[in-house]
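J.: Sharing a structure, written as structure tokens. Questions coming.
Nothing in this text is a laboratory measurement; each read-out follows from the coordinates by a stated rule. This structure is a prediction, so every number in the text was calculated from the model and none was measured. Note that we place each Cβ from the backbone using ideal geometry, even for glycine, and neighbour counts take in every protein chain shown.
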Amino acid sequence: MALEKLREGIFQAAGDPAHRLAGFRTPELVELWEELEPEERETLMIALEPEAAAELLANLPSDEQSEVLDALSLERAAGVLEELDPDDLVDTLQALEAFDPRQADEVRALLAPETRAVAEVLTAYDEEEAGGLMTPEFIAVQGGMTAEQVFAFLRRAAPEAETIYYLYVTDREGRLSGVLSLRELIIAAPGARVSEIMDAEVVSIRTDTDQEEVAQLIADYDLSVLPVVDEEGRLVGIITVDDVLDVVTEEATEDFHRLGAAPIDIDYVRASPWLLFRKRASWLALLVVSMTFTFNVISRYEQVIEEVVILAAFIPLLIGTGGNVGSQVATLVVRALATRELELRDYLRVLGKEVGTGMLLGVAFGLFMTGYVLVFRAEPRIAVALGITMVLISFTANLVGATLPFLFRRFGIDPALTSSPGITTVMDVVGLLIYFQVVMWILAPMLSG
């Protein structure tokens, strides 16, 4: 029903289309966007007011942004881009640059000089750092101003600002010296000086701060806005919580994909089978090659299996347990590292905890395995061998799962790369080595040598 109403609003002959579409909010348009045909999307972007079109554009994936802008006239595309917030403008221009460099240059040339200047400044920063997330549209006041003067200033400057709920205080060189909330300003006496009512203990970050740290800082201090300063301490921008929510979603998705050894740079819904094959095959091929070590280990102990055939039946259970235990621990540790609950200095504490946990799990699983074999096979030596193996595999898997994320972080690698398939592959090899060594020790009298 909503889709049909939207289509009527786009194509109805009579009346102003912008007026007919005014009843649709941006989230509704984004939700219905995927249901529209390409020509309908183009017509919608033309029919909407530039400000509404910009809001819709900012909420689309970067590849779709580029396709939409490519279908519009240069003048219309530039008009829509003018309405974007500076940080969204830079992201969109970068996406368009990757899609069609010539059109990006042509559209950029049609932007207002001040808009181009802001875009050029923000483009100089890495998109995954605070400088790439911030917007330069903030309110800065001087410490010597009175509350009454600040109100007069706000009436002139507020329409151009990203937010006015927090005002930042700077000195004559533009260095950040304090923060003032709108609430504090409202209740202050008209003649009160900003320096008297501001909070000098302001939390800020530098332009080169990683986006994950930005998100963590906003969460830790429960902030809605975070000021960004340069190397000299000069205020150059702010990051709002809505920008951080996008970062949190992006980082969580990226970590989730890496934990599952899945590609992180594709849109699954729109990806073709061939693209999915190319993106997934490389990592899966690496895992297949690494699994040949498992084959080599089994081949090395082929004679042992031939003499006690039942040993082969327990291989999937043992190595599966090792992979599951290791993956479980790695997931918990990776998440704790990502949320800064753990740091590198906490490794020994985590190791001690997992030593105890690993022993408890190993003993519990070992007793179960021993009892299972005794009940169903009535072979005490094999039961003891499997019980001991289960203890050692569970213990080792805990240590591997706890250690690898710290090791990766220590060498500057994303701990999320210690993915479930990766841990499983490692534990397959280690588990088999443990299994057959224990078997050869316990079952030595039963083997021909």
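J.: Mind sorting V107, V400 by how few other Cβ atoms lie within 10 Å of their own Cβ, fewest first?
T.: Values: V107 25, V400 22.
Fewest-to-most Cβ neighbours within 10 Å comes out as V400, V107.
J.: Separation between the L374 and E231 pseudo-spin-labels, each 7 Å from Cα along Cα→Cβ, expressed in nm?
T.: 7.1 nm
J.: Let me ask you something else. What length, rounded to one decimal in nm, is gained on full extension from D220 through to L399, with 0.36 nm per residue of separation minus their alpha-carbon distance?
T.: Result for the pair: 61.5 nm of gain on full extension.
J.: How big is the dipole moment of segment 140-256 about its Cα centre under a simple scheme where the beta carbon of each Lys and Arg is +1, that of each Asp and Glu is -1, and everything else is neutral? Debye, nearest 20, please.
T.: The dipole of segment 140-256 has a size of about 1100 debye.
J.: Looking at the chain, which longest stretch skips every one of the chymotrypsin sites (Phe, Trp or Tyr not before Pro) that is in a DSSP loop with at most 16 other Cβ atoms within 10 Å, leaving the sites themselves out?
T.: Longest site-free region, per DSSP loop and neighbour criteria: 1-164.
J.: Counting other beta carbons within 10 Å of each residue's own, what order do I238, I205 fall into, fewest first?
T.: With the sparsest Cβ surroundings first, the list reads I205, I238.
J.: For the chain, report the convex hull volume of the alpha-carbon atoms normalised per residue, in Å³, without decimals.
T.: Details: hull volume 95.3 nm³, N = 449.
Residue-normalised Cα hull volume stands at 212 Å³.
J.: Let me ask you something else. Using a 10 Å cut-off on Cβ atoms, rank the peptides 183-195, 352-364 from the highest mean neighbour count down. Don't skip to the answer; put the middle values down first.
T.: Working: 183-195: 14.3, 352-364: 16.3.
The packing order, highest mean first, is 352-364, 183-195.
J.: Shifting gears a bit: Compute the length gained on full extension between L344 and T146: take 0.36 nm times their separation in residues and subtract their Cα-Cα distance, giving the result in nm to one decimal.
T.: Between L344 and T146, full extension yields 66.5 nm more.
J.: Further question on the same structure: Around D220, what is the net charge, scoring Lys/Arg as +1 and Asp/Glu as -1 over all other residues with Cβ under 14 Å from its Cβ? Show your work: numbers first, answer last.
T.: On the way: positive: R340; negative: E212, E213, D222, E341, E343.
Within the 14 Å Cβ shell, the charges total -4.
J.: State, as an integer percentage, the relative contact order of the chain based on alpha-carbon contacts under 8 Å between residues 6 or more apart.
T.: Rounded, it is 11 percent for the chain.
J.: I want the antiparallel fraction of DSSP beta bridges within the chain, as a percent rounded to 5.
T.: Counting only bridges with both partners in the chain, antiparallel ones make up about 75 percent.
J.: Can you give me the pair-distance distribution of segment 28-184, C-alpha pairs, 5 Å bins, whole percents?
T.: So the P(r) values, bin by bin, are 1, 8, 16, 18, 16, 12, 11, 8, 6, 3, 1, 0.
J.: Tell me, L386, L287 in order of fewest to most beta-carbon neighbours within 10 Å?
T.: In increasing order of surrounding Cβ atoms, one gets L287, L386.
J.: Using 7 Å Cα-to-Cβ label points, what is the D199/E82 separation (nm, one decimal)?
T.: Label-label distance for D199 and E82, simple model: 3.9 nm.
J.: Quote the charge dipole size of the chain about the Cα centre in Debye, to the nearest 20; the model charges only the Cβ of Lys and Arg (+1) and of Asp and Glu (-1).
T.: The dipole of the chain has a size of about 2760 debye.
J.: Given the rule -39500 (n - 2.57) for each run of at least 4 DSSP H residues, summed and divided by the residues of the chain, what is its mean residue ellipticity at 222 nm, to the nearest 500 deg cm²/dmol?
T.: Computed mean residue ellipticity for the chain: -21000 deg cm²/dmol.
J.: For segment 94-119 and segment 132-194, compute the distance between their C-alpha centroids and round to whole Å.
T.: 31 Å
J.: Sticking with this one: Quick one: net charge around V373, please, counting Lys, Arg +1 and Asp, Glu -1 for every other residue with C-beta under 15 Å from its C-beta.
T.: Details: positive: R377, R381; negative: E379.
My count for the surroundings of V373 gives +1.
J.: What's the angle, to the nearest 10 degrees (0 to 90), between helix 62-71's Cα axis and the longest principal axis of the chain?
T.: Helix 62-71 and the main axis of the chain meet at about 40 degrees.
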